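J.: Sharing a structure below in structure tokens format, with a few things to ask.
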Amino acid sequence: MTRTSCRFLAIVAALASALGGAAPAVGAAGGFAGGGCREPGAEVVQVPLPQVGDIEFTGDLGDGFEPLPLGRRVFNIWHHNLSKVQCSEMVRRAGVDRSQVCEGYGTERSPGYALRVGGEVPRTSNANVGYVDAAANRIIYPAALQGKSGFVCVETPPDGPPSLCPASNKSFFTMDGFIRVESTGNNIGWGSADYEKQVLYAVDWLEPRVYCLNVSDPADLSPCRGYPYAAHGFGTLRASVMPKTGRVILTGYRKAACMDTSTDTPSPCAGWPSSISTVGNLVGTPIPVMNDSGVALGFCQYAGQDSVTCYHIADGSVAEQGTELAAAGLKLQSMSLPNVTNIQHKNEFGRVSVFGTRTYYAVGAFDTEQGLICYDGETHDLCDNFPHPVSVKGGIYGVVADPAVNGTCVWSLGHGGILKSFSAADPSQPCGSNTSVVRVVPECAAAEWRAIRLSNQTFQYYDVVQVIVMNMEGVELKRGVLTVGDELSLQGLLVSGATAELSVQLEFVSELLRGSGAPEGLAQLIAEWEGCESHCLPSTATLTTSSISTTTSLSTTTSISTTTSISTTSSSSTTTTTTCELQKLEHSLLAKKLHRAKVVHDHLREKLADHMRWHHPSEWKDVMRKTEIEDDADSSTGSADTDVGQTKFTLTACFLSVGLIFAFAAWVRTYHCRRLAVAGSAADVRESDLLLDVFIE
């Protein structure tokens, strides 16, 4: 600690002593040294709610194309149809009428938001690959509307119904929810999203044109510069992003071209001819293959069942035997699953996705049995436990990893709007579970665990939760069943060694009880412990505490222009407690205030240092030589030095004010705790709280 900081805290202690109370000694862990009783502590941990594994609706199902995970929901847009936006809750039974349908997106019998733009429903292509803007809570996808081609933008707030993105009133975005890119009115789609560049590509099957929407600025959605792109000169079936290369592969019937997107406007790729001949027909959606850094080496295509050929991204040449890319192709074509045809959906229906070094897709088309495929460029092999057989009525279109959980959960969407999830580590296991595991770590140097319980609001939706407490090595320590008002005692467990931290497994063994659904963050685990020792008085009293809200603002207005605010709010409900417990809670509050005052002190010193560094470099060099800011203003001369001296004076006044406030707080807390020990009156506490609040104001 610097000499100035020590001087500041010494002032606080001295003033507290002079006012009739002793300032408690602040320990390294933020508690108070000394004997008496121990400082209690508690931590509130948000518990992830149970997630559903598969989602299959009844009634009017629609026909989605790809899963679009967004937070704790998964969307899909109906394809080759008048588009509906369908939204499903991942949290079990958290939707409308305890279903999986998100609020505002229809019902379980008729799911989907019937989107209308300018009074008309947009029409989508067979492969309307979309873009998830997680930061702005938006879904964007290609479509045709009122004789124009463009992109539809839908606002998808987590706590309300969807709406159209507001128009920017630019020539291409005059209608809410629709950004026009072409006046042909042809359906566009069959593209891919580039989340690194923050753009969405789409193509027109009837014209040799590639379109691009820039989504990097939510307030300014606009067509990318230089599009539509048509230099490849053939009807395009797919536009596939090759990760981390700045290149997009455009495929047609038995041909392919490369588009360079690394510059301001697109152009043919250097090293490539205008186009190459490939094995890809209506089956051959390009399959990117990455290296161990996630950079695409090239792409592979199915020519037919068990027949795969790969092409280098550098020049479009066929991958030679012995290369990493060719080896990947051999792995893909040699896969074998019982009753599964090793071939993709035809081009217009297959959806290949990438996450990190992994590539995901499905084989089996519309057959009864399908296979989930994963290739990992990091291991140069098929992912562990893949390929994996599944059976989805009508087949699988798209397979997409969920970025919100770092790709550990993967969703597939099949014909009829059937959503299935599976673990990326073991696809035989769905992501759905009734069990959550959370970790509990004390905030200070606690001594002993006391108990765990669940917040009352948890039991608005679940009536029984089974709890297992484990140490850091996964060894079970305690188990029990919690209902409303219950707690599981942890007495006897010290906060040390393997029990310095705890893992708590919670199994929600009951269904939702009431309401439309359980909002995220509803379930809360409260862990309590006994911790650092504190000065206390050995008597008891009944205390009704109310919200204590203290706000102190420190504002320094000089050439530095620094404004800092300290705000502390705590609240509790009616309780019976000891005077000792009362005082240690008050001391805890004071400790936090003292700590924050020191933070303000250090912050203002840094501001002064920055000011001197830039505006008074010679003085700053002198400061650096002496390792601290000198308090003697006589060491400086001239107008610039006077400015620094005034700043120092203002800062010193601020520090003194903080010291007075918190010293007085220490005296008041000690005073009212002593009065309470004698009279046991809650009115004394309220009186002293009021006195402190008035003083601070």
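The values are calculated or read from the model by the stated rules, or taken from the named source; none is laboratory data. Quick caveat: nothing in here was measured; it's all calculated off a predicted structure. We place every Cβ from the backbone using ideal geometry, glycine too, and count neighbours over all the protein chains shown. Calculation scope for accessible area: heavy atoms of the full protein, side chains included, ligands and nucleic acids excluded. Shrake-Rupley method; radii C 1.70, N 1.55, O 1.52, S 1.80 Å.
J.: Restricting attention to segment 419-431, which residues are crowded, with 18+ Cβ neighbours inside 10 Å and assigned to a loop (DSSP other than H, G, I, E, B)?
T.: Answer for segment 419-431, where residues must be crowded, with 18+ Cβ neighbours inside 10 Å and assigned to a loop (DSSP other than H, G, I, E, B): A424, P427, C431.
J.: Continuing with this model, one more query. Against the definition (modelled with pLDDT under 95, among the acidic types (D, E) and touching a Ser or Thr at 6+ places or on another chain (Cβ under 6 Å)), how does E369 come out, yes or no?
T.: yes
J.: May I pose another question? What residue, among those in segment 159-191 that are β-branched (V, I, T) and open to solvent by 30 Å² or more (accessible area, probe 1.4 Å), is modelled with the lowest pLDDT?
T.: That would be T184.
J.: L372 versus (1) of a type outside the set (G, A, S); (2) in contact with a helix residue (DSSP H, G or I) (Cβ under 9 Å, 6 or more places away or on another chain); (3) buried (at least 20 other Cβ atoms within 10 Å of the Cβ): which is the lone unmet condition?
T.: The one condition L372 does not meet is (2).
J.: Has segment 392-399 got at least one residue that is touching an Asp or Glu at 6+ places or on another chain (Cβ under 8 Å) and open to solvent by 10 Å² or more (accessible area, probe 1.4 Å)?
T.: For segment 392-399, residues touching an Asp or Glu at 6+ places or on another chain (Cβ under 8 Å) and open to solvent by 10 Å² or more (accessible area, probe 1.4 Å): absent.
J.: Right, something else. So G432 clears everything in (1) within 25 Å of P286 (Cα to Cα); (2) of a type in the set (G, A, S); (3) in contact with a strand residue (DSSP E or B) (Cβ under 6 Å, 6 or more places away or on another chain) except one condition, right? Which one?
T.: (1)
J.: Further question on the same structure: In segment 463-511, which strands (runs of 3 or more DSSP E) lie fully inside it and hold 2 or more residues that are more than 20 Å from A447 (Cα to Cα)?
T.: Per the criteria, 465-470, 476-482, 502-508.
J.: Considering only residues of segment 230-266 that are among the charged types (D, E, K, R) and within 17 Å of W205 (Cα to Cα), which is least open to solvent (accessible area, probe 1.4 Å)? Steps first, answer last, please.
T.: At the first step, the residues of segment 230-266 found to be among the charged types (D, E, K, R) are 238, 244, 247, 254-255, 260, 264.
The next check asks that each one be within 17 Å of W205 (Cα to Cα); those that pass are 238, 254-255.
Values: R238: 8, R254: 108, K255: 75 Å².
Looking at residues that are among the charged types (D, E, K, R) and within 17 Å of W205 (Cα to Cα), I get R238.
J.: Something else about it: Six or more apart or on different chains, Cβ atoms under 6 Å: show the pairs whose first residue is in segment 351-363 and at negative phi and whose second is open to solvent by 40 Å² or more (accessible area, probe 1.4 Å) and at pLDDT 95 or above.
T.: Taking only residues 6 or more apart or on different chains, the pairs are T357/E378.
J.: Here's a follow-up. Answer with yes or no whether S222 is touching a residue at least 40 places away in the same chain (Cβ under 8 Å), surrounded by fewer than 21 Cβ atoms within 10 Å (Cβ to Cβ), out of contact with any helix residue (DSSP H, G or I) (no Cβ under 6 Å at 6 or more places or on another chain) and among the hydroxyl-bearing types (S, T, Y).
T.: Criteria met by S222.
Quick grid of which residues meet (1) outside any loop (DSSP other than H, G, I, E, B); (2) of a type in the set (D, E); (3) farther than 25 Å from N342 by Cα:
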position	(1), (2), (3)
Y211	yes, no, yes
A256	yes, no, no
G280	no, no, no
D292	no, yes, yes
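J.: Tell me yes or no: at least one residue of segment 216-229 is closer than 16 Å to N128 by Cα and either among the β-branched types (V, I, T) or part of a strand (DSSP E or B) (or both).
T.: No, segment 216-229 contains no residue that is closer than 16 Å to N128 by Cα and either among the β-branched types (V, I, T) or part of a strand (DSSP E or B) (or both).
J.: Which ones in segment 445-491 are open to solvent by 50 Å² or more (accessible area, probe 1.4 Å), touching a residue at least 40 places away in the same chain (Cβ under 8 Å) and not acidic (D, E)?
T.: A445, R450, R453, Q457, Q460, Q466, Q491
J.: A94 is checked against (1) buried (at least 23 other Cβ atoms within 10 Å of the Cβ); (2) of a type outside the set (D, E); (3) at pLDDT 90 or above and fails just one. What number does that condition carry?
T.: Just one mismatch for A94, condition (3).
J.: So, one more: If you go through segment 404-418 one residue at a time, do you hit one that is touching a residue at least 60 places away in the same chain (Cβ under 8 Å), surrounded by fewer than 24 Cβ atoms within 10 Å (Cβ to Cβ), small (G, A, S) and touching a Pro at 6+ places or on another chain (Cβ under 9 Å)?
T.: Yes, segment 404-418 contains at least one residue that is touching a residue at least 60 places away in the same chain (Cβ under 8 Å), surrounded by fewer than 24 Cβ atoms within 10 Å (Cβ to Cβ), small (G, A, S) and touching a Pro at 6+ places or on another chain (Cβ under 9 Å).
J.: Here's a follow-up. Residues of segment 117-154 being in contact with a Gly (Cβ under 9 Å, 6 or more places away or on another chain) and without any contact (Cβ under 8 Å) to a residue 60 or more places away in the chain, which ones?
T.: Those that are in contact with a Gly (Cβ under 9 Å, 6 or more places away or on another chain) and without any contact (Cβ under 8 Å) to a residue 60 or more places away in the chain: P122, A144, L145, Q146, G147, K148.
J.: Is at least one residue of segment 294-306 assigned to a strand (DSSP E or B), of a type in the set (S, T, N, Q) and either surrounded by 24 or more Cβ atoms within 10 Å (Cβ to Cβ) or modelled with pLDDT under 95 (or both)?
T.: At the first step, the residues of segment 294-306 found to be assigned to a strand (DSSP E or B) are 296-304.
Imposing the further condition that a residue be of a type in the set (S, T, N, Q) reduces the set to 301.
Within this subset, residues satisfying the condition of being either surrounded by 24 or more Cβ atoms within 10 Å (Cβ to Cβ) or modelled with pLDDT under 95 (or both) are 301.
Among the residues of segment 294-306, at least one is assigned to a strand (DSSP E or B), of a type in the set (S, T, N, Q) and either surrounded by 24 or more Cβ atoms within 10 Å (Cβ to Cβ) or modelled with pLDDT under 95 (or both), which makes the answer yes.
J.: Farther than 24 Å from L382 by Cα and not in a strand (DSSP E or B), is that true of L200? Break it down into steps so the answer makes sense when it comes.
T.: Details: farther than 24 Å from L382 by Cα: yes; not in a strand (DSSP E or B): no.
Here the answer is no, as L200 does not meet what is asked.
J.: With the structure loaded, tell me whether K331 is open to solvent by 20 Å² or more (accessible area, probe 1.4 Å), charged (D, E, K, R) and in a helix (DSSP H, G or I) or whether it fails that test.
T.: Yes: the conditions hold for K331.
J.: Please work out if T379 is within 20 Å of G398 (Cβ to Cβ) and β-branched (V, I, T).
T.: No; evaluated as a whole, the condition is false for this residue.
J.: Out of D194, D217, report the one residue that is open to solvent by 10 Å² or more (accessible area, probe 1.4 Å), over 16 Å from S262 (Cα atoms) and acidic (D, E).
T.: D217
J.: Within segment 397-409, can one find any residue that is in contact with a His (Cβ under 9 Å, 6 or more places away or on another chain) and farther than 30 Å from M472 by Cβ?
T.: From segment 397-409, those in contact with a His (Cβ under 9 Å, 6 or more places away or on another chain) are 397; that's our starting set.
Now narrow it down to the ones that are farther than 30 Å from M472 by Cβ: 397.
Yes: segment 397-409 contains one or more residues that are in contact with a His (Cβ under 9 Å, 6 or more places away or on another chain) and farther than 30 Å from M472 by Cβ.
J.: Run down R254, R247, R225 and say which single residue is over 33 Å from the mean Cα position of the chain (by Cα) and either at pLDDT 95 or above or farther than 22 Å from F355 by Cβ (or both).
T.: Among R254, R247, R225, only R254 is over 33 Å from the mean Cα position of the chain (by Cα) and either at pLDDT 95 or above or farther than 22 Å from F355 by Cβ (or both).
J.: Restricting to segment 169-194, name every residue that is in a loop (DSSP other than H, G, I, E, B) and either free of Cβ contacts under 8 Å to residues at least 24 places away in the same chain or among the charged types (D, E, K, R) (or both). Write out each step before concluding.
T.: First, pick out the residues of segment 169-194 that are in a loop (DSSP other than H, G, I, E, B): 169, 171-172, 174, 176-177, 183-188, 190-192.
Of everything in segment 169-194, those that are in a loop (DSSP other than H, G, I, E, B) and either free of Cβ contacts under 8 Å to residues at least 24 places away in the same chain or among the charged types (D, E, K, R) (or both) turn out to be N169, S171, T174, D176.
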